[in-house]
Amino acid sequence: MTALFQWLRDRHVRKIQKITVVDNEPPSHQDSKIVECLQKFDVELWEWEKMDLSSEVIWKSSKYVQKIWLHSSGNEAVLQGWSARGGFGDREKFPEVS
């Protein structure tokens, strides 16, 4: 994925309206690579199909995200992280998220 997003940056793309990546089979992308790929873009709609992706990865990747589709394994710690003070309920990090 790194090469694809670099190709877009090289062509001066700055805004991505919707990203959809099927990443639900091992080995999935490392969180650091997701951030590296997307941090220079304004991504509005986020559908990266990776199980239990943290809110921190999404926040570091795009400060403009407005809508997120999440995929959960049911892990209670992850669900609590999503709803915690620094998670998706944080209106400073995610002011427009629905």
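Values as computed for the structure displayed
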| item | result |
| --- | --- |
| Listed residue (H71, S54, V97) projecting farthest to the positive dipole end of the stretch 52-98, Cβ model | V97 |
| Net charge of Cβ neighbours under 13 Å - reference G86; Lys, Arg +1; Asp, Glu -1 | +1 |
| Proxy reagent accessibility, fewest Cβ within 10 Å first, across H29, H71 | H71, H29 |
| Local electrostatic count, D42, Cβ distance below 11 Å [Lys/Arg +1, Asp/Glu -1] | +3 |
| Estimated dipole of the stretch 2-83 in Debye, rounded to 20 [Cβ of Lys and Arg +1, of Asp and Glu -1, Cα centre] | 520 debye |
| Per-residue Cβ neighbour rank within 10 angstrom, fewest leading, W46, W82 | W82, W46 |
| √(5λ) per eigenvalue of the Cα gyration tensor, the chain, largest first, Å | 22, 17, 10 |
| Ellipticity estimate at 222 nm from DSSP helix runs (n ≥ 4, -39,500 (n - 2.57)) divided over the chain, nearest 500 | -9000 deg cm²/dmol |
| Hypothetical label at K15: residues of the stretch 29-63 whose amide nitrogen lies under 12 Å (7 Å Cα-Cβ projection) | 42-45 |
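No lab work stands behind these numbers, since they all come straight from the coordinates. Because the structure is a prediction, the values reported are computed rather than measured. Virtual Cβ from ideal backbone geometry, glycine too; neighbours counted across all protein chains shown.
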